Amino acid sequence: MTLNKVILLGNVGKDPEVRYLDANMVVATFPLATTDRGYTLQNGTQVPDHTEWHNVMAWNNLARRIEQYVRKGCKVYVEGKIRTRSYDDKKGITRYITEIYADKMEIFSFPNDGKRNGEPTNDGFQQKL
């Protein structure tokens, strides 16, 4: 048995890019930041925050919902799978891209929205492909 499952809670880095591939196929992509908070070692050494950027991709119904609601600064919960693809660049060097294929997502907060104050919200957004 194997399992490929990712769970992320982070902040959207820029407005999603949405592409309509044909009448029935839509893809949305956006960067998602997750941050491991810094800390102090016993000897006093400061370890700084570390932010990791994830490339999130969603298809069809979930992509349409993302287009409608998700904006830069939203705090979102994402469940999905890790996918890695490769390509050869102009110099013939193999490059790898790791993406999160989202199959479930929930908005936790919207940017600059005084009513929400970072509290978890459901908004009926949870959408499963």
Of (1) exposed (fewer than 14 other Cβ atoms within 10 Å of the Cβ); (2) farther than 13 Å from Tyr101 by Cβ, Thr84 satisfies all except one. Which? (2)
Number of positions in the range 61-114 that are in contact (Cβ under 8 Å) with a residue 24 or more places away in the chain and in a loop (DSSP other than H, G, I, E, B): 8
Which ones in the range 24-46 are in contact with a strand residue (DSSP E or B) (Cβ under 9 Å, 6 or more places away or on another chain) and of a type in the set (Val, Ile, Thr)? Val26, Val27, Thr29, Thr34, Thr35, Thr40
Extreme residue, surrounded by the fewest Cβ atoms within 10 Å (Cβ to Cβ), among residues of the range 1-31 that are closer than 19 Å to Glu106 by Cβ and of a type in the set (Gly, Ala, Ser): Gly13
Only residues that are more than 24 Å from Asn112 (Cα to Cα) and either in contact (Cβ under 8 Å) with a residue 24 or more places away in the chain or among the hydrophobic types (A, V, I, L, M, F, W, C) (or both): list them for the range 25-60, please. Met25, Val26, Val27, Leu41, Val47, Met57, Ala58, Trp59, Asn60
May I ask you to verify whether Tyr20 is among the hydroxyl-bearing types (Ser, Thr, Tyr) and touching a residue at least 60 places away in the same chain (Cβ under 8 Å)? no
Of those in the range 32-46 that are surrounded by fewer than 16 Cβ atoms within 10 Å (Cβ to Cβ) and closer than 27 Å to Ser109 by Cβ, the residue nearest to the chain's Cα centre (by Cα) is Ala33
In the list Glu52, Glu67, Glu106, which residue meets the criterion of being under 17 Å from the mean Cα position of the chain (by Cα), acidic (Asp, Glu) and surrounded by fewer than 15 Cβ atoms within 10 Å (Cβ to Cβ)? Glu52
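Where a number appears in this text, it was derived from the coordinates with a stated rule and is not lab data. Note that the structure is predicted; figures quoted are calculated from it, not measured. Backbone-built Cβ (ideal geometry, glycine too); neighbour counts: all protein chains shown.
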